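Comments concern the structure below.
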Amino acid sequence: MKMGMRWFGQADDTIPLQYIRQVPGVSQVIGALFDVPVGEVWPMDKITALSDQIKAAGLNLEVIESVNIHDEIKIGGPLRDQAIENYIATIKNLAQVGVKVICYNFMPVFDWVRTDLRYQLADGSHTMFYQDELVQGTAQETMARMQAASGGHKLPGWEPERLVHLAELLEAYAPLGEEGLAENFKYFIQAIMPTCEQYDVKMAVHPDDPPKSLFGLPRIVKDADDMRRIESFHDSPYNGFTLCTGSLGENRGNDLIAIIREFAGRDKVPFAQCRNIKFISETDFYESAHLSTDGSLDMYEVMRAFYEAGFDGYIRPTTAATSGESSAGPVMACTTAPWASPTSMDCGRRSASPIPAETCPAIPDKQQPRRQRTSGLLRSWGQATATALFWRSTTSAARSIWRTRSAVMPQT
């Protein structure tokens, strides 16, 4: 298992790579090119420059979040084959610098949706909030609300160039329905899979966020049934999922633990994002700190499920709580101090017992079974950082690393 942190690039991220390098257990930067229009080939020189910059800081660029899918592909338009060819060219270019996983989504028109980007919590910190009542209006009203609340910050997945022709996009998607969108998704997957398998790049689709239909638009990555259908498009480890605990957890009908065990257990989860949320009603929620007691998801059981499934992919923490003010728009920050015994895999339960030492080899060997290697890494991270995967130090530098979630995205 490899732990990473999201980074938005030197021009847009106030946190230098050197600070990320100081976070215990982190070896990966989850990066992207944010200045290439959707549908165009990512230039090799820009990819190389980003990779070189990250490697110079002692980190690795093996996961991209995200390479967005052009709407021509999603609606099955006349230009989709050209858009797919461009996507394939980007996959090949990314493979040349060692990228192993591409996180992406197949959400129509809109990416992740929140109704308040500066929701104030009782302790004075801010987070992102979703109120279902506020998305019952028009798509244009929600788009305006998101952009007005951004504070001038470019929100991943809400790039203006994608939404300038909003009315036309809504009209183009209207006749599709879930079945039509799923067929176009299948066409895309089957077109790119030979390249992915040849160049050893796994695709990891991010769940819809929230996992429900909005504005009458279909969404097809909402639950386990949707995931099984996507898996059937091309049954291969290269056709996988970004298992975002927050996004899937936003659907109260989802058995999150069972989903983790099923898909991670079948090696269909090359990338995971660990996020907690707090429900304040049946439909409304905010993004919370990771402690189980701070949210509605049992993060201890989440991490246990990953461990017991033998998960050995890439993982990053993600939340949207901020401490203090930021002129750069919403940033991600861990709002809680370390709380667990450094020998315990707490992940949210202070009374949790450590995993027995005999199940956790101190020095994982690549020849060991996948589950044994995973347990060794979990133990070493738990000892170093107090919780096995994602609790960081409380220095101001570390707290400010957590940037706006793309959560998806696009870019989940």
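Values quoted throughout were computed directly from the atomic coordinates according to the rules given, and no laboratory measurement underlies them. Predicted, not measured: the structure shown is a model, and the values here were computed from it. Heads up, the Cβs are rebuilt from the backbone with ideal geometry, glycines too, and the neighbour counts pull from every protein chain shown.
Each residue of region 112-122 in order: what ³J(HN,Hα) in whole Hz does its phi give by Karplus 6.51 cos²θ - 1.76 cosθ + 1.60, θ = phi - 60°, with x for Gly and Pro?
4, 10, 10, 9, 8, 8, 9, 6, 8, 8, 4
When M1, M193 are ordered from fewest to most other Cβ atoms inside 10 Å of their Cβ, what list results?
On the way: M1 23, M193 16.
By the 10 Å Cβ count, ascending, the order reads M193, M1.
Could you name the lysines whose alpha carbon sits less than 17 Å from that of K55, not counting residues in the same chain fewer than 8 places away?
Excluding near neighbours in sequence, the set is K2, K46, K100.
For each of R21, R275, count neighbouring Cβ atoms within 10 Å of the residue's Cβ, then give the residues from fewest to most. Mind showing how you got there, number by number?
Values: R21 15, R275 29.
Least to most surrounded, the residues fall as R21, R275.
For A272, which sequence-distant residues (separation of 5 or more, or a different chain) have an amide H within less than 5 Å of its own amide H, given hydrogens modelled in the peptide plane?
Placed amide hydrogens put L243, Y314, I315, R316 under 5 Å from A272.
What are the ³J(HN,Hα) values, in whole Hz, obtained from phi via the Karplus relation 6.51 cos²θ - 1.76 cosθ + 1.60 with θ = phi - 60°, for each residue of region 303-314 in sequence order, with x given for Gly and Pro?
Residue by residue, region 303-314 yields 6, 4, 5, 4, 4, 5, 7, x, 4, 9, x, 9 Hz.
Can you list residues from other chains, or at least 5 along the same chain, whose modelled amide H is less than 5 Å from the amide H of H234?
Correct list: empty.
Can you give me the long-range amide H partners of S27? Hydrogens built in the peptide plane at 1.01 Å from N, cutoff under 5 Å, separation of 5 or more residues or another chain.
Excluding prolines and chain starts, which carry no amide H, the hits are M3.
Per-residue counts of other Cβ atoms within 10 Å, averaged by peptide: what ranking do you get for 239-252, 278-291, highest first?
Details: 239-252: 24.9, 278-291: 18.7.
Result, highest mean first: 239-252, 278-291.
Report the local net charge at Q82: Lys and Arg +1, Asp and Glu -1, summed over other residues whose C-beta lies under 12 Å from its C-beta. Before the final figure, lay out the partial values.
Values: positive: R80; negative: E40, E72, D81, E85.
Result for the neighbourhood of Q82: -3.
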